[in-house]
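The values are calculated or read from the model by the stated rules, or taken from the named source; none is laboratory data. All values derive from a computational prediction rather than experimental measurement. Here the Cβ positions follow ideal geometry from the backbone for every residue, glycine too, while neighbour counts run over all protein chains shown. Quick note on the areas: whole protein, heavy atoms, side chains included, nothing else; ligands and nucleic acids left out. Shrake-Rupley method; radii C 1.70, N 1.55, O 1.52, S 1.80 Å.
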Amino acid sequence: MERATKANEARQSWPWNGVNLGGWLLLEPGTAPDLFGPYRQGHGKVNCEWELMKRLREDNAVEKLWEHRHTWITREDFQLIRDRGLNAVRLPLGYWTIVGPAPGEPYEGPALNCIDQAVAWAEEVGLQIILDLHGCPGGESAEPPCGHEDGSWNWRHWRFDESLKALKALCLRYRGRKAVTGVEVCNEPSNKVPLDVLCSYYASAVDIVRSSGMSANEVAIIVPVYQRSAAEFAEAWNKKCQDPNVCFDFHYYHCFGIWWHGKSLAETLRGVQSQLEELRRFPAIVGEWSLALGDGARTAQGLGSADKVREIFGRLQMTAYGAASHGHFFWNYKDDAGADWDWMQNTWLPGSKPYTLPAWNGEGEDPLEEICDPSPAQPLICMGDDVLLRAFQGRYLEVNGSTAVARGCTISKDCRFTIMPAGKDRAAMGSPVVAGTAVRICTFSGRVLCVVDDSVVALEPHEVSPDASDFILRSDGQLKHRGALYLQHRSSQRYVEVEASDLRPLSGNPDGTLLLGKEQVDYQYRLTVLKPWDPASQRALPRLAAAAPPSLTIQAKKERGLANSPSRCTASLPNLSLLWPTSGGGERSFEGPRQIPERRASSSDSASGISLGASPAASVRALSGGRGRGAGPESGVRAQLLSRQGCRRRAMYSEKKHVSFDTAISAGI
């Protein structure tokens, strides 16, 4: 009886507020360190399950995989996830765990007993579960998350028909299971897959899921939008499929690629804000997100410690991703990469309060920049000042001996430079640095940056000629803290460049070599100048404020002038309407946020209506006042929560006088 009750609670589906169980039934190094650890040393280090299984088979150690599968996640983990306020888990699966590996492939499977156990545990504790076909036959990309890192991969290697067969087997086995409220048809498909081909596969996958007995009332189908324009994808998708409960999967990471590494913390936080706007446009799920920041954002000093920055970053993401019609999932439940990726070290997330960002119209400098990276009392850069130089990809220039590189985001004395006037113009010392000035860049150790054979190196002053060491500083007017500058070699007229081809974040060579580029400005030439952090010299600045959770009070008013006229209850928030009939034959309406993780309401007065607050959970409830006075709908009356974006929620008004929105249908765009 208790298990049935928990399973029914789990059916109060969408939006999901959950966590990924990566590293259990599809392996990656960070999420399965016990297995990968022995094979992560030297040049032959293993990065994916394919290579790991080859090594385990060579060592006659496949039993280690089965031990991992039976111990890495347990029922206690499911219970903990539920107890900490989440309502769902996303379970990444390699196709081989469903139907077994194809001939000649090193994977080990099937592992249906493990999937069976996961679904049963979800039902027992009252969690929803999303079955995610994370690794498809042939791979949906060349990357490790699909199971096989393969530099020779192209999109035709993806075996679409076999993927559909695995998906069908999965759906037939778990149709009707109360905890299963979502199926994802693949994960992070390469943007090299033609859009029409991808949408055709998705449409076939939707047909497979529905024909297997998983109805739109019970199971949402998730299709990834990965490294593509969501608007272009939506346009193509609408021509292929009109299923009423399909949502788009967005993976929002802020730490991969030069584009994110080059952003400041303020720019990163604004990026989260823009993601909220994207989520409002489509039926959506954020299938993966983390607390990891890019290199350029990790050194901001204005918000306090790394833990405080992580907290604010997490709260902003939780607020933004709450706009997704179908919810969000943190990556990952357990991860060896640390607190940025490990939900077990951030169990405060489900109950976190939102933060508000200062208003900005996009003109001038964002006021958030000053909060995240405060200016010193004297923000102007003057001749003789010590500065830090951050390259376009977020890493700081650093000199070790004669070698000059953009190495990382850890600031040391080797990252300090002094801007000096070119030649022997000592009278210029202390004067503001302005655009077009000829300068020398000296290192902390007293060396001078200069050009030798198109490379930028650091030599002793007596080894340097003016032709090699003089640079023209290109900037916008007077140079100041957080300002952009370009260093143009005076003799050759070419700009100092950080070679992007040397930058492979999280793997390989982490350094960016300094060399001479072209005579025209390019994005790889941009440097940001900062004064070293000195708390004693910082001005008093406002801090980001935690925002109170939104609330809404609905006032019910009796319409006058007609006998037995219906009561009408209205309120105004964007994107959502709730309509239900009253005993007098009219209707009641509620307008509010498009997506509400939970709104628990208490009757403030049978005549004045309903007061709604906000708290994260699985259901949406609204308590009524007395029936006799027209403050709530009659028992047994059906109601509909209709989103203007296409999300529909149906509810049954019960004898206990509350509306429980326990099923949902997400319409197509």
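A few remarks follow.
- Cα→Cβ-extended label distance, 7 Å offset, between Ala306 and Ser445, nm: 2.6 nm
- On full extension, the segment bounded by Glu76 and Glu499 gains 147.4 nm, given 0.36 nm per residue less the C-alpha separation.
- Alpha-carbon centroids, the stretch 60-109 and the stretch 350-416: separation in whole Å: 42 Å
- Accessible-area order (highest first, 1.4 angstrom probe) of the listed residues Lys308, Lys531, Lys424, Lys192: Lys424, Lys192, Lys308, Lys531
- Theoretical FRET efficiency, 1/(1+(r/R0)^6), r = Cβ-Cβ of Arg210 and Lys165, R0 22 Å, to 0.05: 0.85
- Using θ = phi - 60° in the Karplus curve 6.51 cos²θ - 1.76 cosθ + 1.60, the 3J(HN,Hα) couplings for the stretch 18-26 round to x, 9, 7, 10, x, x, 9, 10, 8 Hz; x is entered for Gly and Pro.
- The Cα center of the stretch 161-238 and the Cα center of the stretch 260-300 differ in position by 25 Å.
- FRET efficiency, Asn113 to Glu365 (Cβ-Cβ, R0 60 Å, nearest 0.05): 0.55
- Between Lys424 and Asp34, the contour length at 0.36 nm per residue exceeds the Cα-Cα span by 134.3 nm.
- Accessible-area composition of the stretch 263-377, carbon plus sulfur, in percent [1.4 Å probe]: 45 percent
- Rounded to the nearest 0.05, the FRET efficiency derived from the C-beta distance between Leu195 and Leu276 at R0 = 22 Å is 0.30.
- Extension gain for Asn238 to Ser465 (0.36 nm times residue separation, less C-alpha to C-alpha distance): 75.2 nm.
- Global geometry of the stretch 301-358, whether rounded, prolate or oblate, following the gyration tensor of its Cα atoms and the 1.5 cut on a/c: oblate
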